[in-house]
Amino acid sequence: KFKYIDYFNLKPYIYTTGEYRNRITNENSRHNKKILVLGDSFTFGEKLNDEDTYIHKLQNAFPNYYFIGKTHN
């Protein structure tokens, strides 16, 4: 887990990152077929907790797949 602190708002955010430098929102899906979602800070969910990202919502809607949200970093 990686803790990011937004110093402008002084609010902490918890990021769980994986082997692809992606957000991991559901460990149970890691061995399923993978779907790569490319994008920017919206895809990564910058300044959002893991459960608030749209990748997490996709993961919950389609539990038979493992969604990897990846940014340009």
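The values are calculated or read from the model by the stated rules, or taken from the named source; none is laboratory data. No experiment lies behind these values; they were computed from the predicted model shown. Using ideal geometry, Cβ is built from the backbone for each residue, glycine included, and neighbour counts are taken over all protein chains shown. Keep in mind that these areas ignore ligands, DNA and RNA; they rest on the heavy atoms of the full protein, side chains included. Shrake-Rupley method; radii C 1.70, N 1.55, O 1.52, S 1.80 Å.
Of the peptides 22-28, 12-18, the order by per-residue mean of other Cβ atoms within 10 Å, starting with the highest, comes out as 22-28, 12-18.
Beta bridges per DSSP, both residues in the chain: antiparallel share near 50 percent. For Tyr13, the amide hydrogen comes within under 5 Å of the amide hydrogens of Tyr4, Ile5, Asp6, counting only partners 5 or more places away or on other chains and with H modelled in the peptide plane.
Solvent-accessible surface of the chain, taken per residue with a 1.4 Å probe and all protein chains present: 70 Å².
With all protein chains in place and a 1.4 Å probe, the accessible surface of the chain carries 55 percent carbon and sulfur. Dividing the radius of gyration of the alpha carbons in the chain by their Kirkwood radius gives 0.97 for Rg/Rh.
Over the chain, what relative contact order in percent results from Cα pairs under 8 Å that are six or more residues apart? Let's see the in-between values first.
Details: 123 pairs, mean separation 25.0, N = 73.
That works out to 34 percent.
Rounded to two decimals, the Cα-based Rg/Rh of region 3-43, with Kirkwood Rh, is 1.05.
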